[in-house]
Amino acid sequence: MHGKICPQCCGEQREVTLDCPSECPYLLQARQQARQQAREHASTHSHNHNERPGPLDRQVDGQAWFRDLEIPEIEISEHFLYEREELILGLSFALVKSVRAERSLAGHSLAGLSLADLSLADRPLMDRDLIAALSSLAKSYQTLVNSSLIYEPQTSNLAHQSIAREVETMVREFREAEEKQLGYNRLRDADVLKALVFLLRMGLARTSGRPKSRAFVDFLFAQFPEKQSAIAGPEDAGSRIVIP
């Protein structure tokens, strides 16, 4: 706002009409309070990785932007999370790359950019963009797993298309890396589906549910600092992930 704002407007319009900076102390305080409330709610209700997160029921201006979101009802075990940690982190990094690529476009001169790039540079990616793209990808892989048919949901949203392409590129390179390292490919489409659904549920649990929320985006950024390489080899001591 580049000026003062009253507490009521801050509380009501935060991440709704106001594009709040991630470092805003009031925004950080609100996120901390929301997470505390979520923990208190979880402590009084049985929960696991397969429950739908609370933000699904949150509404902004009387309309829940999660209302039409499709989330495959599949079980995700602790064993899967441990066994496929590298895949989950790889997909997370793909999401981070898509957001950083968009921010890089926004930081450069618009001269010479294609119409698609101009559209991506026009608006920063929010939680809802990542969540919508993950939901679309999960639906596609669910169809592939259940019927062996390749289904590509139609969307005119260029941002969602860009995110999906980054994720699909990572999956392809992950398969190629396994083939090179192991001599065969053991990554199943069902594993990709579970990893996508896990990230989708994580995104729903992290976001505030408001249209301009970037809580999930900021969480992912914290896992992959920009100055720290996310690419590691098996020879790197202490490495938790191998990302092609």
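Protein-only accessible surface at a 1.4 angstrom probe places the residues S22, S92 in the order S22, S92, largest first.
Hey, with R₀ at 35 Å, roughly what FRET efficiency would Q33 and S77 work out to, going by the Cβ-Cβ distance, to 0.05?
0.65
Compared with the direct C-alpha span, the chain from R175 to R188 gains 3.8 nm at full extension, assuming 0.36 nm per residue.
Multiplying the residue separation of S147 and Q223 by 0.36 nm and removing their Cα-Cα distance gives an extension gain of 23.9 nm.
With the simple spin-label model, which puts each label point 7 Å out from Cα in the Cβ direction, the E85 to T17 separation comes to 4.6 nm. Computed packing ranks the peptides 25-31, 134-140 as 134-140, 25-31, most packed first, by mean other Cβ atoms within 10 Å.
The values are calculated or read from the model by the stated rules, or taken from the named source; none is laboratory data. Please read these numbers as outputs of a predicted model, since none were measured by experiment. Cβ sites come from the backbone with ideal geometry, for glycine too, and all protein chains shown count toward neighbours. Only protein heavy atoms, including side chains, enter the accessible area calculation; ligands, DNA and RNA are left aside. Shrake-Rupley method; radii C 1.70, N 1.55, O 1.52, S 1.80 Å.
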